[in-house]
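Q: Here it is, the structure in full.
The values are calculated or read from the model by the stated rules, or taken from the named source; none is laboratory data. Being a predicted model, the structure only gives us computed values, none of them experimental. Every residue, glycine as well, gets a Cβ built from its backbone with ideal geometry; the counts of neighbours run over all protein chains shown. Surface accessibility is based on the protein's heavy atoms, side chains included, excluding ligands, DNA and RNA. Shrake-Rupley method; radii C 1.70, N 1.55, O 1.52, S 1.80 Å.
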Amino acid sequence: MSERLDRTATRTRSGATGTYSTRTEVADVPRARAVGARLRVDSMARAAADVLAGAWDAARAVVTPVGWAVAGWTVVGLALGIALGWEEALVGGIVGAVLLVAAVPFLLGDVRYRVEFALERDAVVAGEEAAGEIVVENIGRHAALPGSVELPVGDALVELHVPLLRAGGRWAERVVIPPRPRGIVEVGPAASTRTDPLRLLRRHLAWDEMRPLYVHPRTVEVPSTSLGWIRDLEGQAVRILTNEDISFHAVREYQRGDAQRHIHWRSTAKTGTLMVRQFEETRRSLLMLVLDVDCGSYRDDDEFEMAVSAFGSLGTRAIRDGREVRAMMSGEVPEFARASIRALRALRVERPRALLDDLTAVDATHAAMDLATVTRMVAEDDPGTSLAVLVTGSALAHERLRTAALRFPADVAVGAVVCDPASEPRTHVLGGLQLVSLGVLEDLRQLLARGAARG
């Protein structure tokens, strides 16, 4: 061996290229073996850690907090009894071990439950109770021991006791969900739980089915065929002259291309020149509803909830009346991108239920554009608007509200609903802007009816 190493060293000094490689292999064999051994040890350690983590997760899923307390007392009691000869502690430890062992048979066997849950209604109004029914069926061949069913309702948990079920037996229970604030509440998935009489151990099996419960904003009935600002539903004359319509405006001299059926013969006879009728263009009233979702426009959450409710009341009334309506609000824009990005969000208006479903998930946010930017984009995107209604809070200054209203063309009637619980309910005109101040949501009906009567 020493001769081989000496020859290798000599050949290395002579500059042979292959000799350097041979010397490296001989010198690195112990190091390579050490590295390989360390890698194997690390791999085994990771595998052991994964096994222990899995076992710990399984133990946490099976052992209840009471079970952990009994297990701790068992270990401490046995240790003190054996080490110090403390008979009372030893007896306590033995009793704890017996209780844990006796709890195991209650968890043996497959879970033969099939759990079904259905809501009586998948949409309620904020402040109302919701209800559903949960049905448990034993699909096994043998009787199923008593257990329990857990039903998550948002952040809460409803626990129901299931009695002994014979093979093929069914058990049903009505579940009442307490009133919830506006939003979408996830109900489920239901889970069956088997446990021992002392609740030391448990076996948990969850079903993947989850049902959304839509908690709609409160709404009030507002006057039909009128939103307090405008009455006509069939057509509103605008200051655009046209040659084809139904609203007569005046007569003028005939020009090449005019339809002969519009010649006004009586005026032609009087003047001796061909005269034709001229019309004002009419269009069906398009109602544009704009909800301000900027946090800076509201003093508190109650004001924003009132604004959402007022917005929903106006929108659902317009949809039921068959109006052509749009419902718009600002999309969320990150602060760093506000200089270059604009975003609008359109709510569904094909049915009242669709609009209310969308409103359940609407929140005030600091990432929203200001109301003036929203109205400018709305006016640019939909030039056919005949009436716009802005819904906002009392923290928005009147000057900024007027600026937002002026973003619409001059021939668009603009109204605003300002939610301010601290103010007296009233309707007034602010620089050409028809303003409705709400103290409570129920005032909306009377204020709009009053405005319609004046109209």
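Q: Could you list, bin by bin from short to long, the percent of Cα-Cα pairs of the stretch 388-455 in 10 Å steps?
A: With a bin width of 10 Å, the distribution comes to 20, 56, 23, 1.
Q: Out of residues 5 or more away from VAL389 or on other chains, whose amide H comes under 5 Å of its own, with H placed 1.01 Å from N in the peptide plane?
A: Under 5 Å from the amide H of VAL389 lie the amide H atoms of MET288, LEU289, VAL290, GLY415, each far enough along the sequence or on another chain.
Q: Follow-up question, since we're still on this one. Tell me, in nm to one decimal, what length is gained between ALA422 and ALA53 on full extension, where the rule is 0.36 nm per residue of separation less the Cα-Cα distance?
A: Computed gain between ALA422 and ALA53 is 127.1 nm.
Q: For a quick check: with amide H placed at 1.01 Å from N, whose amide H comes under 5 Å from ALA368's, ignoring anything fewer than 5 positions away on the same chain?
A: It is CYS295, VAL333, by chain and number.
Q: Could you check the simple spin-label distance between TYR254 and VAL41, using points 7 Å along Cα→Cβ, in nm with one decimal?
A: With each label placed 7 Å out from Cα toward Cβ, I get 11.0 nm.
Q: How much FRET efficiency would the formula 1/(1 + (r/R0)^6) give for HIS161 and ASP300, where r is the Cβ-Cβ distance and R0 is 35 Å, rounded to 0.05?
A: 0.25
Q: To continue, here is another question. How large is ³J(HN,Hα) for each residue in the stretch 294-303, as worked out from phi by the Karplus curve 6.51 cos²θ - 1.76 cosθ + 1.60 (θ = phi - 60°), to whole Hz, x for Gly and Pro?
A: Values, residue by residue: 7, 4, x, 8, 10, 7, 7, 5, 5, 4 Hz.
Q: Sticking with this structure for a sec: In whole Hz, what ³J(HN,Hα) sequence does the stretch 71-84 give by Karplus (6.51, -1.76, 1.60; θ = phi - 60°), x for Gly and Pro?
A: Coupling constants for the stretch 71-84: 4, x, 5, 4, 4, 5, x, 5, 5, 5, x, 6, 6, 10 Hz.
Q: Fully extended, how many nm does the chain gain between LYS270 and HIS398 (0.36 nm per residue separation, minus their Cα-Cα distance)?
A: My answer for the length gained is 40.6 nm.
Q: If Lys and Arg each add +1 and Asp and Glu each add -1, what is the summed charge of the other residues whose beta carbon sits under 10 Å from the beta carbon of GLY67?
A: Its environment carries a net charge of +1.
Q: State whether the stretch 301-455 is rounded, prolate or oblate according to the following rule on the C-alpha gyration tensor (a ≥ b ≥ c being the square roots of its eigenvalues): a/c under 1.5 gives rounded; otherwise a/b larger than b/c gives prolate, and the remaining case gives oblate.
A: rounded
Q: Continuing with this model, one more query. Identify, among ALA53, PRO152, GLY36, the residue whose Cα sits farthest towards the positive end of the charge dipole of the stretch 31-174, taking +1 on the Cβ of Lys and Arg and -1 on the Cβ of Asp and Glu, with the dipole about the Cα centre.
A: It is GLY36, whose Cα lies furthest towards the positive end.
Q: Follow-up. In what sequence, largest accessible area first, do MET44, MET306 appear using a 1.4 Å probe?
A: The most accessible residue leads, giving MET44, MET306.
Q: Continuing with the same structure: Of LEU390, PRO409, ALA379, which is farthest on the positive side of the dipole of the stretch 374-419, counting Cα position, with +1 on Lys and Arg Cβ, -1 on Asp and Glu Cβ, and the Cα centre as origin?
A: It is LEU390, whose Cα lies furthest towards the positive end.
Q: What order do you get for 140-151, 322-333 when each peptide is scored by the mean count of other beta carbon atoms within 10 Å, highest first?
A: 322-333, 140-151
Q: Roughly how many debye, to the nearest 20, is the charge dipole of the stretch 28-123 about its Cα centre, given +1 on each Lys and Arg Cβ, -1 on each Asp and Glu Cβ, and no other charges?
A: It works out to roughly 540 debye.
Q: Let me ask something else about it. Please go through the stretch 30-121 and write out the chymotrypsin sites (Phe, Trp or Tyr not before Pro) that DSSP classes as loop and that have at most 15 other C-beta atoms within 10 Å.
A: Those satisfying the criteria are TRP86.
Q: Next up: Enumerate the amide H contacts of ARG426 below 5 Å, restricted to partners 5 or more residues apart or on another chain; note that Pro and chain-start residues carry no placed amide H.
A: SER437
Q: Turning to a different aspect of this structure: Using only the Cα atoms, work out Rg/Rh for the stretch 80-138, with Rh taken as the Kirkwood radius, to two decimals.
A: Radius of gyration over Kirkwood radius for the stretch 80-138 works out to 1.45.
Q: On to the next question. Give the calculated FRET efficiency between ALA61 and ILE94 to the nearest 0.05, with a Förster radius of 25 Å applied to their Cβ-Cβ distance.
A: 0.40
Q: Semi-axes of the stretch 129-198's equivalent ellipsoid from the Cα gyration tensor, sqrt of 5 times each eigenvalue, largest first, rounded to whole Å?
A: 27, 13, 9
Q: What ³J(HN,Hα) values, in whole Hz, does the Karplus curve 6.51 cos²θ - 1.76 cosθ + 1.60 give for the stretch 409-417 when θ = phi - 60°, with x put for Gly and Pro?
A: With the stated coefficients, the stretch 409-417 comes to x, 5, 8, 9, 6, 10, x, 9, 10 Hz.
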